[in-house]
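Notes to accompany the following structure.
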Amino acid sequence: MFTDSHCHIEDDETALRAAAAGVSVLLNAGRDLDEAAAQLLLCAKMDERRQAGEDAPQMWTSAGIHPDSAKAKLARICVAEIVQAAENPYAVAIGECGLDYHYGADCIAEQKEMFARHIETAGITGLPLMIHQREAEADMLELLRAGVRRFGKLTGVIHCFTSTQAFADAVREFGFYISASGIVTFKSGAAVAEVFKSYPADRILIETDSPYLAPVPYRGKTNEPAFVCKTAEKIAAIRGLTVEETARITTDNFFNLYQKAARRRSDTGRARA
Ligand SMILES: [Zn+2]
């Protein structure tokens, strides 16, 4: 059983194709509180299908604002609104949030303020941060360190990790997870793949970030959660594991990080038993 720890999907069919390919757990990441209602509906629909005996995935979502729209949303979204969005039973993470100085070099101050609000939300709710990071390593570490000083502890993942060994070493100190996307299967992703060789086995996740970044051999196609197996194969190869072991480890890691998902999963299991 594979877990896609970060995807963006909108329809039943894509989710059902994932389950048919053995990808039974999905975190359908929120980029905006406005799209939360549709995402929650899709999560609930998958539960209903499973209860009706269909092969549908367990789906979770998250509460947060992608750094792409930090500037536009800064005046509208406060901490209390993110906290409220995170109270939904399917919302297991705070994000997708973070800093992107590649596309957002013109609004660094706004991004930092918005990310700080997400860190505060994570501190208040105890939920893990699901973080997007691009070309903003120093500011990200500064904000995370301030968050750890204030709240004692933060948990989280750097999703679609594309940074350096030094950044991996730094987030490892917080006990953070890093998540491998299809980029580790690209020739140009060799240095990123190398980081996943030595990172602690209990702190690694896999994801598609679909519909973007389809892994080899699907590169250039629209990505979907069913393809996460290809990223699992690559992680298995570089760590000397079987694909089955990689699937099990990354699924266990997912539920260790997203404990709200683990709690709800065992509750539903008991209810059905
Ligand atoms: Zn994403």
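Values quoted throughout were computed directly from the atomic coordinates according to the rules given, and no laboratory measurement underlies them. The structure presented is a predicted model; accordingly, all values stated were derived computationally and were not measured. Here Cβ is always computed from backbone atoms with ideal geometry, including for glycine, and neighbour counts include all displayed protein chains.
A few remarks follow.
- Over the chain, DSSP H runs of length four or greater, each weighted -39,500 (n - 2.57), average out per residue to a 222 nm ellipticity of -14500 deg cm²/dmol.
- The mean sequence separation of alpha-carbon pairs under 8 Å and at least six residues apart, normalised by the residue count of the chain, gives a relative contact order of 19 percent.
- Its Cα centre serving as origin, the chain has a Cβ charge dipole (Lys and Arg +1, Asp and Glu -1) of approximately 640 debye.
- At full extension, Tyr103 and Glu35 could sit 22.3 nm farther apart than now, given 0.36 nm per residue minus the alpha carbon distance.
- Multiplying the residue separation of Glu194 and Asn88 by 0.36 nm and removing their Cα-Cα distance gives an extension gain of 34.4 nm.
- The stretch 2-272 - Kirkwood radius from inverse mean 1/r over Cα pairs (Å): 18.4 Å
- Signed unit charges on C-beta, dipole axis of the chain, positive-most listed residue Ala105, Ala261, Gly64: Ala261
- Highest GNM mean-square fluctuation among Met130, Met59, Met46, for the chain modelled with Cα contacts below 10 Å: Met46.
- Computed from label points 7 Å out along Cα-Cβ, the spacing between Lys221 and Ala21 is 0.7 nm.
- At R0 = 25 Å, FRET efficiency that the Cβ-Cβ distance of Glu81 and Lys153 yields, to 0.05: 0.60
- Span from the the stretch 98-115 Cα centroid across to the the stretch 6-85 one, whole angstrom: 23 Å
- Among Asp252, Asp34, Asp47: highest mean-square fluctuation, GNM of the chain, C-alpha pairs under 10 Å: Asp34
- Taking θ as phi - 60° and the Karplus parameters 6.51, -1.76 and 1.60, the scalar couplings of the stretch 26-40 work out to 10, 10, 8, 6, x, 10, 6, 5, 5, 8, 4, 4, 5, 5, 5 Hz in sequence order, x denoting glycine and proline.
- Projecting label points 7 angstrom from Cα along Cα→Cβ for Glu10 and Gln51 puts them 2.7 nm apart.
- Phi-based couplings in Hz for the stretch 115-122 (Karplus 6.51, -1.76, 1.60; Gly and Pro marked x): 5, 4, 5, 5, 4, 4, 4, 5
- Each residue of the stretch 170-180 was assigned a 3J(HN,Hα) from its phi angle through the Karplus curve 6.51 cos²θ - 1.76 cosθ + 1.60 (θ = phi - 60°); the sequence is 5, 6, 4, 4, 7, x, 6, 8, 10, 10, 8 Hz, with glycine and proline shown as x.
- Set of lysines with alpha-carbon distance to Lys230 below 24 Å, sequence-local pairs under 8 removed: Lys187, Lys197, Lys221
- Residues of type lysines that Lys112 reaches as a straight line, Cα spacing below 18 Å, ignoring anything fewer than 8 places off in the same chain: Lys71, Lys73
- Once the chain from Asp169 to Glu135 is taken as fully extended at 0.36 nm per residue, the excess over their C-alpha distance is 10.6 nm.
- Taking amide H as placed 1.01 Å from N in the peptide plane, Leu205 has its amide H under 5 Å from the amide H of Ile178, Ser179, Ala180, each at least 5 places away in sequence or on another chain.
- Amide H contacts under 5 Å for Trp60, placed H, 5+ residues apart: Leu26, Leu27, Asn28
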